[in-house]
Amino acid sequence: MRAYAEEGLSIVEVLPKPPNKFYVFVNKGLYVVILIPIIALLFHKYLPDFVAIFLGIFLFVYILFYFFYIQIGNLYRSENIAYQVIGKIHFHNDFLEIMNNRIEFSEFRSIEIICYDFEDRRRPSNTLYDPLYSLGINNFLTVYFKDGTVTKYQFKLLNEIHMFSFRKELIHYYKLGLIRELNLHDILGNHSFESKSDFRKHNPKYNNYPS
């Protein structure tokens with residue numbers, strides 16, 4: 001999916017309830033699965049045949065569901081997080097616009113952007129109920145205002161080069177002293193010494209602005 005500078009960045013809000021309820025079933029069912037062998041060992045002489053059959057069928061179905069839906073299905077699903085888009089971030093040469101609010105350069109001291117995540121990025125899976133593909137919402141813009149307040153926004157990236165849509169504006173912010181050079185290099189992927197030196201050569205900072 002191609003991204004354009006004028007479309008801005010989508011600010012997201014993570015919702016408390018995940019969309020996939022099957023993970024809840026698996027988590028709760030795990031306690032039952034642990035109890036089944038214990039019950040079978042302790043009370044096998046006293047259990048009616050139909051109860052033993054029912055426990056065996058439940059255990060078999062659970063294992064099948066766990067293996068195919070969780071273990072294999074997680075290889076093709078996105079992470080189980082519900083979110084909604086609540087606004088936009090727009091980078092302009094003369095001001096910063098967040099959720100339809102115009103923020104003048106004179107109002108804030110600096111911004112910091114953490115942006116390593118993007119939609120469908122393969123991500124390390126830390127738990128058995130953690131799908132492999134990212135939703136691309138693990139990115140943050142922090143605005144440091146001159147009055148001492150700090151505001152943080154979470155946003156979504158559509159692809160690995162989404163931030164390059166704002167390269168011109170972000171370099172302009174760097175020249176004005178509104179974004180740190182190292183932060184800008186991280187955003188634009190300038191990791192080698194040669195690329196950083198070449199960047200400084202062609203993008204000198206402006207003097208005495210903003211105050």
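The values are calculated or read from the model by the stated rules, or taken from the named source; none is laboratory data. Because the structure is predicted, anything quoted here is derived from the model rather than measured. Here Cβ is always computed from backbone atoms with ideal geometry, including for glycine, and neighbour counts include all displayed protein chains. Accessible surface areas use protein heavy atoms only, side chains included; no ligands, DNA or RNA. Shrake-Rupley method; radii C 1.70, N 1.55, O 1.52, S 1.80 Å.
For this structure, a couple of remarks:
- Residue satisfying all of: in region 80-96; in a strand (DSSP E or B) and open to solvent by 40 Å² or more (accessible area, probe 1.4 Å); farthest from T127 (Cα to Cα) among these: K88
- Any hit, region 188-206, residues being loosely packed, with under 15 Cβ neighbours inside 10 Å and modelled with pLDDT of 95 or more: no
- Here region 123-146 is the region considered, the condition is being in contact (Cβ under 8 Å) with a residue 12 or more places away in the chain and either in contact with a helix residue (DSSP H, G or I) (Cβ under 8 Å, 6 or more places away or on another chain) or open to solvent by 70 Å² or more (accessible area, probe 1.4 Å) (or both), and the residue that is farthest from F65 (Cα to Cα) is K146.
- Residue list for region 71-110, restricted to those being touching a strand residue (DSSP E or B) at 6+ places or on another chain (Cβ under 7 Å) and among the β-branched types (V, I, T): I81, V85, I86, I89, I98, I103
- Scanning region 130-148 for residues that are closer than 17 Å to V14 by Cβ, part of a loop (DSSP other than H, G, I, E, B) and not hydrophobic (A, V, I, L, M, F, W, C) yields D130, P131, S134, G136, N138.
- Complete set of residues in region 1-59 that are closer than 25 Å to L135 by Cβ and at pLDDT below 70: M1
- Hits in region 56-79 - residues which are open to solvent by less than 50 Å² (accessible area, probe 1.4 Å), in a helix (DSSP H, G or I) and touching a Leu at 6+ places or on another chain (Cβ under 8 Å): I70, N74
- Scanning region 147-186 for residues that are under 17 Å from R102 (Cα atoms) and open to solvent by 90 Å² or more (accessible area, probe 1.4 Å) gives D147, K152.
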